[in-house]
Amino acid sequence: MLGKRTYLLVAVLAIAVVVVALTFLVFKPLTGPATTKRVVTYAYRDAITGVDPSVEDDTGIMILHLVYETLLRYDPKTGGYSYVLAKSVEKVNDTVWRIVLRDDARFHDGSPVTAYDVNFSIWRTKLVYEELGRGLGYIWECVNSTNVLDDKTIEIVTSYPCDIRPTLAAAYGAFIYSKNVLKLSGISDIVSEELITWFNKGNELGSGPYKIVKYEPENEVVLEKFSDWWGWKEINNPNAPDTIIIKIVEDPGEQERLLRSGGIDIASSIPRSSIKVLKDSGFGVVVADTFHNFILMFNTRRCPTNITDVRKAIAYAIPWDSIVEQSLMGYGRKGSGLIPYGFPGYSSKWALKQDLDKARQLLSKANAPCELRLEMVITQGYEEEEAFAKLLKAELQKIGVDLEIKALPWEQVKSLGQSVWEKPEEAPHLIINDWWPTYLIPYDYFSLLECLEPEKGVINYWNWAGYCNKEFDEVLSKAYEKSLESLEESLPLYEEIQKIVFDDMPAVNLWDMQHIYVYNQQRIRFRDGAFNSLYTYTVFFQYVEVLK
Amino acid sequence: MLTLNYIAKRIVISTLLIFGIVILTFLMIQLTPGDPAIIWAGKPRGPGATAAIARAREYLGLNLPLYQRLALYMYKFLMGDWGLSVEFKQPVFHLVVRNFMASLEIVVYAFAVAVPLSLWLGTRAALSRGGLGDKTIYFLSVVLAGMPRFLVAVLIFLMLYLFGYGYLGLRVSPKYTTFSGLTGMITVDSLIAGRLDIFLDAFLRLIPASIALATYPMGVITRVVRVSLSETFEEEYVRQAISIGLPRKVIVRRYAYPNIVSVVAQLTGLLFSYMLLETMVVENVFSREGLGTLTSRAIVASDYPVVIGATVFTSIVLIVANTIADIVQAVTNPRVQL
């Protein structure tokens with residue numbers, strides 16, 4: 001026998017269910033993405049590692065290029081540079097460059113961008129690197145002094161003939177910000193950790209088209225349109241987003257789910273196998289060329305990969321012509337030398353072809369004194385690396401080499417790669433390092449194989465091959481100096497370096513990455529300029545249209 | 001007096017436990033691979049790299065002997081300085097609390113759903129012991145408690161998706177994403193701010209995640225209430241009450257319920273810990289931020305300060321929750337103090 005209370009409870013529950021159901025129906029428009037502002041939600045796969053414009057050297061790039069500006073920007077169409085904060089960059093003589101700033105640029109607090117701010121930004125970046133070793137301030141290495149001539153003019157004096165333009169347009173370490181950050185933060189020491197922390201809490205004073213309004217690097221970053229940005233009138237994009245939500249979604253499957261359900265508008269990392277299906281379902285796909293490549297490094301300090309012929313045998317066993325189709329599902333380019341396609345110094349002549357007979361001959365010639373059982377470490381969650389590793393394993397089996405594949409989180413990959421210097425026997429025989437440049441100097445890629453002076457404890461932590469060749473280091477040093485002076489004239493030297501790499505084979509570039517962005521075509525349009533191969537992972541949202 | 005002594009004893013034990021966990025976590029983290037100095041230094045390149053890493057090591061205190069590092073860590077921990085995250089470069093305490101509040105919000109709502117429903121279901125089952133209602137509720141509770149949370153969450157999300165509510169997966173609509181408040185729980189902060197639109201939006205998004213999370217405590221508490229009440233009904237004093245013709249509801253409320261309060265309180269304390277862990281799965285499925293997501297990202301990035309901070313903070317919350325549950329049990333059932 002059921003009592004009154006039971007009936008009452010059932011009635012309350014029924015009413016609750018009806019109320020919730022009605023609320024869902026009635027308030028659907030309220031909870032949906034429709035809004036008066038143009039909001040775009042962009043899913044990015046990695047957490048943001050920092051937003052100090054002088055220090056950040058990793059994933060913060062995608063925020064920094066929206067919040068701050070550089071003086072010049074690389075123009076992938078011409079291979080030259082376009083003006084951003086500078087309106088002219090003139091070479092006065094071999095060691096002096098005069099930069100005149102645009103008149104209408106303002107920081108987010110409304111103050112004008114002046115030569116004093118440029119001076120402040122350059123020196124903080126340079127000093128933070130020189131005194132703390134933080135950031136990528138080495139790009140200002142040739143700068144000896146700076147002279148502010150007036151509010152809008154600054155001269156950069158270099159220690160030796162040095163083309164400053166690649167530095168002014170660098171992907172990292174070239175951002176200009178207001179010197180008022182000292183007043184705002186209440187910190188007077190420009191190289192202090194406190195100031196770095198202040199920036200990394202989401203504080204900023206840049207001049208870019210967007211301002212940071214919410215900074216939770218582990219979850220999401222929200223940017224808001226800076227309406228006084230000088231560029232709005234030039235690019236004439238009334239549909240540019242008012243609010244950009246950069247949401248950290250690590251799992252590509254989750255990105256796909258969110259894209260389909262309307263939770264995000266642009267996905268930066270979708271399972272490659274789903275791209276065609278999404279395209280057929282009406283989603284847009286943009287393929288952006290990048291200078292981001294995947295380099296296979298051989299442990300040159302552990303048997304058998306310490307033998308050049310074994311390394312070459314492995315290189316010839318790689319199914320080069322299948323990589324793009326099978327590992328990258330067509331989105332990428334076959335590697336040719338360490339320099340990626342489109343980057344100064346690239347040449348297609350270094351491309352390899354699979355030749356299993358040659359690989360067998362090389363192996364037999366090598367006569368390795370240890371077992372042909374190799375360990376390979378790849379980064380967990382990188383589906384293209386996983387697919388490649390499986391391909392390679394199958395091909396190596398054909399020439400009698402066993403390959404054990406370990407997929408590890410990135411930090412552990414890095415740690416194992418670096419262990420080649422202290423514990424080469426514990427470091428894997430093969431390891432994949434993905435790399436993108438800081439600025440338009442080929443040294444950036446070859447620096448991965450620079451030895452430095454390990455005997456004095458000066459180690460190159462990115463040389464996961466443990467490769468040490470004094471001749472290579474000498475030519476690289478010459479090429480680097482020459483490229484600072486004249487990129488064009490340095491290219492023959494880089495070719496010489498690539499020849500050494502080809503002969504010694506401590507590393508091979510497997511593929512040049514193309515970044516794939518899948519987006520909701522009903523809401524988003526990309527204009528020219530939204531992607532730039534030098535500024536990896538950055539979407540220049542001022543060139544994105546959000547349709548209501 | 002005995003209760004006060006018991007409470008004091010429990011608090012001392014809990015404090016010692018917290019210290020133990022801090023030390024143990026700190027020591028265990030030292031054994032894991034990865035060098036935080038290299039992560040802290042970023043991507044140091046060129047000849048300056050070695051010096052940069054050495055400076056980072058010094059700044060992070062990694063060059064000190066283990067016991068000094070531990071002492072320094074304990075001192076800073078007590079002073080509220082839990083360090084900076086090496087991956088996110090933000091204060092650990094701030095990161096942990098922000099994400100904990102997001103997780104806590106789901107847990108609170110899940111309990112709000114689970115506790116009254118399971119009490120009602122458990123009571124119905126106990127009252128019709130052996131009957132169809134009892135068997136149905138028992139079966140339901142087994143299914144609810146036994147189903148993996150990721151499966152429940154995925155099924156709920158799939159249903160939402162099929163019915164056109166897939167966008168409810170986020171914590172709040174993109175247009176409210178900059179809203180923030182004192183507690184970090186959007187539903188509470190929006191009410192404090194008088195923003196009913198935000199409350200409604202956040203609340204609707206909480207329902208599916210909370211229901212997914214509530215299934216486990218519902219299943220477990222229902223079964224415990226069913227068994228405990230059935231046993232209580234066999235007690236002499238309850239039989240007496242029945243024999244004198246008191247209404248069944250009065251018997252349940254006045255005589256049986258007080259007898260099971262301590263058991264339910266204890267169980268709820270334990271479940272609270274478990275649910276905090278389970279939120280990790282639910283957060284992932286519904287694309288919500290929270291402590292689980294933060295911790296998993298920190299582990300992958302060898303972000304030791306965050307891993308230690310999140311572990312210790314969670315432990316403190318769990319110990320406090322269990323201590324409260326113990327105290328409630330001690331107050332309601334003095335036998336446990338003996």
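Being out of contact with any Lys or Arg (no Cβ under 6 Å at 6 or more places or on another chain), more than 14 Å from chain B (Cβ to nearest Cβ), over 29 Å from A:Pro76 (Cα atoms) and among the hydrophobic types (A, V, I, L, M, F, W, C) holds for only one residue in A:Val277, A:Val287, and it is A:Val277.
If you filter segment A:464-510 down to residues that are within 14 Å of chain B (Cβ to nearest Cβ) and touching a residue at least 60 places away in the same chain (Cβ under 8 Å), you find that the one that is surrounded by the most Cβ atoms within 10 Å (Cβ to Cβ) is A:Trp464. If you go through segment A:54-84 and keep only what is out of contact with any strand residue (DSSP E or B) (no Cβ under 8 Å at 6 or more places or on another chain) and either within 14 Å of chain B (Cβ to nearest Cβ) or surrounded by 24 or more Cβ atoms within 10 Å (Cβ to Cβ) (or both), you end up with A:Ser54, A:Val55, A:Glu56, A:Asp57, A:Asp58, A:Gly60, A:Ile61, A:Leu64, A:His65. Screening A:Lys276 against (1) open to solvent by less than 30 Å² (accessible area, probe 1.4 Å); (2) more than 21 Å from A:Pro506 (Cα to Cα) leaves a single unmet condition, (1).
Residue-wise test of (1) at positive phi; (2) within 12 Å of chain B (Cβ to nearest Cβ); (3) not basic (Lys, Arg).
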residue	(1), (2), (3)
A:Leu391	no, no, yes
A:Lys406	no, no, no
A:Ser415	no, yes, yes
A:Pro424	no, no, yes
A:Leu430	no, no, yes
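As for segment B:31-48, it holds no residue that is modelled with pLDDT of 80 or more and open to solvent by 30 Å² or more (accessible area, probe 1.4 Å).
Scanning segment A:200-214 for residues that are at the interface with chain B (Cβ under 9 Å from one of its Cβ atoms) and surrounded by 20 or more Cβ atoms within 10 Å (Cβ to Cβ) gives a single hit, A:Asn200. Do we have A:Gly50 as under 18 Å from the mean Cα position of the chain (by Cα) and at positive phi here? Considered against the rule, which asks whether it is under 18 Å from the mean Cα position of the chain (by Cα) and at positive phi, A:Gly50 comes out as yes. Would it be correct to say that B:Tyr109 is within 30 Å of B:Ser228 (Cβ to Cβ), open to solvent by 40 Å² or more (accessible area, probe 1.4 Å) and within 23 Å of the chain's Cα centre (by Cα)? Yes; evaluated as a whole, the condition is true for this residue.
Taken as a whole, the structure places B:Gly166 among residues that are farther than 22 Å from B:Pro36 by Cα and within 12 Å of another protein chain (Cβ to nearest Cβ).
When segment B:47-84 is limited to residues that are in contact with a Pro (Cβ under 9 Å, 6 or more places away or on another chain) and either of a type in the set (D, E, K, R) or facing chain A (nearest Cβ under 8 Å) (or both), the one that is nearest to A:Val458 (Cα to Cα) turns out to be B:Thr50. Within segment A:270-320, the residues that satisfy the criterion of being assigned to a loop (DSSP other than H, G, I, E, B), of a type in the set (A, V, I, L, M, F, W, C) and out of contact with any strand residue (DSSP E or B) (no Cβ under 6 Å at 6 or more places or on another chain) are A:Cys303, A:Ile307, A:Ile318.
In segment A:227-245 there is at least one residue that is more than 8 Å from chain B (Cβ to nearest Cβ), touching a Gly at 6+ places or on another chain (Cβ under 8 Å) and buried (at least 19 other Cβ atoms within 10 Å of the Cβ).
Name every residue in segment A:301-328 that is open to solvent by less than 10 Å² (accessible area, probe 1.4 Å) and over 25 Å from A:Glu426 (Cα atoms), in order of residue number. Scanning segment A:301-328 gives A:Pro319, A:Trp320, A:Ile323, A:Ser327, A:Leu328.
Taking the numbered list (1) open to solvent by 30 Å² or more (accessible area, probe 1.4 Å); (2) farther than 30 Å from B:Leu151 by Cβ in turn, B:Thr232 passes all entries but (1). Residues of segment A:118-142 that are of a type outside the set (Ser, Thr, Tyr), modelled with pLDDT of 95 or more and open to solvent by less than 10 Å² (accessible area, probe 1.4 Å): A:Val118, A:Ile122, A:Arg124.
Looking only at residues in segment B:50-101 that are of a type in the set (S, T, N, Q) and in a loop (DSSP other than H, G, I, E, B), the one that is most open to solvent (accessible area, probe 1.4 Å) is B:Asn63. Looking only at segment B:235-263, count how many residues are within 26 Å of B:Phe111 (Cα to Cα), surrounded by 17 or more Cβ atoms within 10 Å (Cβ to Cβ) and in contact with a Ser or Thr (Cβ under 8 Å, 6 or more places away or on another chain). The total comes to 7.
Restricting the first member to segment A:269-298 and to residues that are under 15 Å from A:Trp436 (Cα atoms), and the second to residues that are among the small types (Gly, Ala, Ser) and surrounded by 20 or more Cβ atoms within 10 Å (Cβ to Cβ), the beta-carbon pairs closer than 7 Å and six or more apart or on different chains are A:Asp289/A:Ser533; A:Thr290/A:Ser533; A:Phe291/A:Ser533; A:Asn293/A:Gly335; A:Ile295/A:Ala507; A:Leu296/A:Ala507.
Pairing residues of segment B:106-135 that are free of Cβ contacts under 8 Å to residues at least 24 places away in the same chain with residues that are of a type in the set (Asp, Glu), at Cβ distances under 7 Å and at least 6 apart in sequence or on separate chains, gives B:Ser128/B:Asp134. Of everything in segment B:155-212, what is open to solvent by 60 Å² or more (accessible area, probe 1.4 Å), at pLDDT 90 or above and basic (Lys, Arg)? Give them in sequence order. B:Arg195, the sole residue that qualifies. Within segment B:218-236, residues that are of a type in the set (Phe, Trp, Tyr) have Cβ atoms under 9 Å from residues that are assigned to a loop (DSSP other than H, G, I, E, B) in these pairs: B:Phe233/B:Arg129, counting only partners at least 6 apart in sequence or on another chain.
A:Lys87 satisfies every condition listed in (1) within 19 Å of A:Gly173 (Cβ to Cβ); (2) more than 14 Å from chain B (Cβ to nearest Cβ) except (1). Annotation note: Cβ proximity below 6 Å between a residue of segment A:398-411 that is closer than 17 Å to A:Trp464 by Cβ and outside any strand (DSSP E or B) and a residue that is open to solvent by 40 Å² or more (accessible area, probe 1.4 Å) and β-branched (Val, Ile, Thr) (sequence gap 6+ or interchain) occurs for A:Pro409/B:Val300. Whether any residue in segment A:386-395 is open to solvent by less than 10 Å² (accessible area, probe 1.4 Å), modelled with pLDDT of 90 or more and outside any helix (DSSP H, G or I) is what I want to check. No - not one qualifying residue is present in segment A:386-395. Listed by position, the helices (runs of 4 or more DSSP H) inside segment B:202-314 whose residues that are away from chain A (no Cβ under 14 Å) number at least 3 are B:236-243, B:257-285.
Any residue at all in segment A:148-165 that is surrounded by 18 or more Cβ atoms within 10 Å (Cβ to Cβ) and within 30 Å of B:Arg57 (Cα to Cα)? Scanning segment A:148-165 turns up no residue that is surrounded by 18 or more Cβ atoms within 10 Å (Cβ to Cβ) and within 30 Å of B:Arg57 (Cα to Cα).
Every residue in segment B:139-153 that is surrounded by fewer than 18 Cβ atoms within 10 Å (Cβ to Cβ) and assigned to a helix (DSSP H, G or I), please. Across segment B:139-153, the qualifying residues are B:Phe139, B:Leu140, B:Val142, B:Val143, B:Ala145, B:Gly146, B:Phe150, B:Leu151.
The values are calculated or read from the model by the stated rules, or taken from the named source; none is laboratory data. Only a predicted model underlies this, so the values are computations on that prediction, with no experimental measurement involved. Here Cβ is always computed from backbone atoms with ideal geometry, including for glycine, and neighbour counts include all displayed protein chains. In case anyone asks, the SASA skips ligands and DNA or RNA and just uses the protein heavy atoms, side chains included. Shrake-Rupley method; radii C 1.70, N 1.55, O 1.52, S 1.80 Å.
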